[in-house]
Protein chains: 2
Amino acid sequence: MNDTQAPGGPADGTKRPDSSRRSERSRRAIYDAALALVAELGYGRTTIEGIAARAGVGKQTIYRWWPSKAAVLMEAFLDLADQAAGGDTGFPDTGFPDTGDLAADLRLVLRATVDEMNNPVYEAPTRALAAEGIVDPELGAQFVEKLLDPSLQLYVRRLRSAEAAGQLRAGIDHRIAVELLVGPLAHRWLLRTLPLTHEYADALVDYALAGLAPRD
Amino acid sequence: MNDTQAPGGPADGTKRPDSSRRSERSRRAIYDAALALVAELGYGRTTIEGIAARAGVGKQTIYRWWPSKAAVLMEAFLDLADQAAGGDTGFPDTGFPDTGDLAADLRLVLRATVDEMNNPVYEAPTRALAAEGIVDPELGAQFVEKLLDPSLQLYVRRLRSAEAAGQLRAGIDHRIAVELLVGPLAHRWLLRTLPLTHEYADALVDYALAGLAPRD
């Protein structure tokens, strides 16, 4: 993004409020158009020109704010994720619930993630971006760095707090523990092996925390 | 596949051996060409014509044996998976090692899967097919049914044997238990979150079997 003319309002503060409102409206229209097009056409056939036409803005408006198609889409996704997180899950700013009950907190977050993944507004563009990241290492790295990792870090922080409370085995690698929880969710969603349900989320939390082997 | 003229040899048995050898050579060349092209161009830009040209056969040869591009590719992958499984892992026909030591058997299989996923010959075409399956539900369903599920069923069978030996908690859903093991592997591979190593495979087996919470 060009930081002298960031979306959401000019940095120099000299423009009238009308201009700022127009910018905000354009930014939102561009995000919506980008997400809709990538869902309809796939990543490869989505173009800056197409986004501009669908959003009803000139393509120079887009080029002024973002250096590339990937950059527009990544911010559209960040915005979508922010909206999704600020919606019904109830943990936008705190990042992750921490009630002291690790299993309950994980079930809440994994169930909310299931709902998000099953939401058609979110699903089609996220599939398109994930698919492209799988074959394009550079885009994939951006996807992980900007979208996935920040959310995985919230899990890691919650596990650290659990460890401090004596609720984790000694020596557990938190990053791997997070993948044990979110990996099976993503696997079932991406590959559509079986329906992605709250029951599945609950079972994953149970199995990951208690293990598959009998306690003796 | 057209079952009256299956690759690998005509069904009527009237052709000379030379013809059968030529068929086998053509079949192999078509698989290799299909896998190479999908790795280079992606699924979308790979065509029957392109595969025929690369394999040095007429495109009618391909159409005689397979109804579609997806069908050729799926068989090329099945063949690749058979070769990979018959290679260094040592469990081609038995399906899955069963030494009585569940953790050791799972570590062996997950490490072999890591090696397979990190093998460039396997990696590029598999990524291309997985990416396409993520955005194309019909192809995705074929991918799961023909390639993924048969391999997941081998895990399920091994877990059943472990249950019979009293090595699993009561009431564990074997299908979900399998996803707890392979989901994080696929997640890390597909999204390239972190390097896919034997150590990661070992940790997954340990965490999945023993759980993350302390034993009290």
* Structure fact -> Mean accessible area per residue over region A:87-210 (1.4 angstrom probe, all protein chains present, square angstrom) is 40
* To do: Find the chain B residue whose Cβ sits closest to the rotation axis that carries B onto A, and give that distance in whole Å.
  => B:G211, 1
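At 15 Å minimum axial length over the Cα atoms and a Kyte-Doolittle cut of -1.0, report the qualifying DSSP H helices in chain B, or say none.
Numbers: long enough: B:17-41 (35 Å, -0.54); B:69-86 (25 Å, 0.71); B:102-118 (24 Å, 0.42); B:120-135 (23 Å, 0.42); B:149-164 (22 Å, -0.58); B:174-191 (25 Å, 0.76); B:198-210 (18 Å, 0.21).
Long hydrophobic helices here: B:17-41, B:69-86, B:102-118, B:120-135, B:149-164, B:174-191, B:198-210.
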* Asked: Which FRET efficiency value, to the nearest 0.05, do you get for B:A104 and A:H198 by plugging their Cβ-Cβ distance into 1/(1 + (r/R0)^6) with R0 = 51 Å?
  -> 0.90
* Using a 1.4 Å probe on protein heavy atoms, which residues of region B:104-140 have at least 50 Å² less accessible area in the complex than alone? -> B:I134
* Structure fact -> Sorted shortest first, the nm distances from the B:G171 label point (7 Å along Cα→Cβ) to its counterparts in the other copies are 3.0
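Take peptide B:172-180, look around each residue's Cβ out to 10 angstrom, count Cβ atoms belonging to other protein chains, and average those counts. Could the numbers behind the result be given before it?
Numbers: counts 8, 5, 1, 4, 10, 4, 2, 12, 11.
Mean partner shielding for this stretch: 6.
For the protein assembly as shown, what is the convex hull (Cα atoms) projected area averaged across all directions, in square nanometres? Display every interim value, and only then the final one.
Values: hull surface 98.7 nm².
Averaged projected area of the protein assembly as shown's Cα convex hull equals 24.7 nm².
What does the charge dipole of the protein assembly as shown about its Cα centre add up to, to the nearest 20 debye, if the Cβ of each Lys and Arg holds +1 and the Cβ of each Asp and Glu holds -1? Numbers along the way, then the final one.
Values: 48 positive and 60 negative charges, 261 e Å.
Here the size comes out at about 1260 debye.
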* Take peptide A:163-169, look around each residue's Cβ out to 10 angstrom, count Cβ atoms belonging to other protein chains, and average those counts. => 3
* Round to the nearest 10 and report in Å² the accessible area of A:W65, as given by a 1.4 Å probe over the protein chains' heavy atoms. => 10
* Using a 7 Å Cα-to-Cβ projection, B:A103 label spacings across copies, nm, ascending -> 2.3
* Between B:Q60 and B:Q83, what is the spin-label point distance in nm, taking each point 7 Å from the Cα along the Cα→C-beta axis? -> 2.9
* To do: From the P(r) of region B:157-216, can you give the percent of Cα pairs sitting at distances over 14 Å?
  => 62
* Structure fact -> With +1 at each Lys and Arg Cβ and -1 at each Asp and Glu Cβ, the charge dipole magnitude of chain B around its Cα centre, to the nearest 20 debye, comes out at 680
* Structure fact -> Reduced to Cα centres, the span from region A:27-54 to region A:160-175 in Å works out to 43
* Other protein chain Cβ atoms within 10 Å, averaged over every residue that makes up A:202-210 -> 5
* **Nm distances between copies for A:G58, ranked from closest, using label points 7 Å along Cα→Cβ** => 5.8
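In Å² (nearest 100), what accessible area is buried between A and B, both sides summed, heavy protein atoms only, 1.4 Å probe? It would help to have the intermediate numbers written out before the result.
Working: alone 12090 and 12110 Å², together 19640 Å².
The contact between B and A buries close to 4600 Å².
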* Structure fact -> Taking A:177-184, A:45-52 and ranking on average Cβ neighbours within 10 Å, highest first, one gets A:177-184, A:45-52
* Asked: Taking the Cα atoms of region A:87-210, what is the range of coordinates along each of the three principal axes, in descending order and whole Å?
  -> 41, 29, 28
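The values are calculated or read from the model by the stated rules, or taken from the named source; none is laboratory data. None of these values were measured; they are calculated from a predicted model. Positions of Cβ are generated from backbone atoms using ideal geometry, with glycine treated the same way; all protein chains shown enter the neighbour counts. Areas reflect the complete protein model, heavy atoms only, side chains present, ligands, DNA and RNA absent. Shrake-Rupley method; radii C 1.70, N 1.55, O 1.52, S 1.80 Å.
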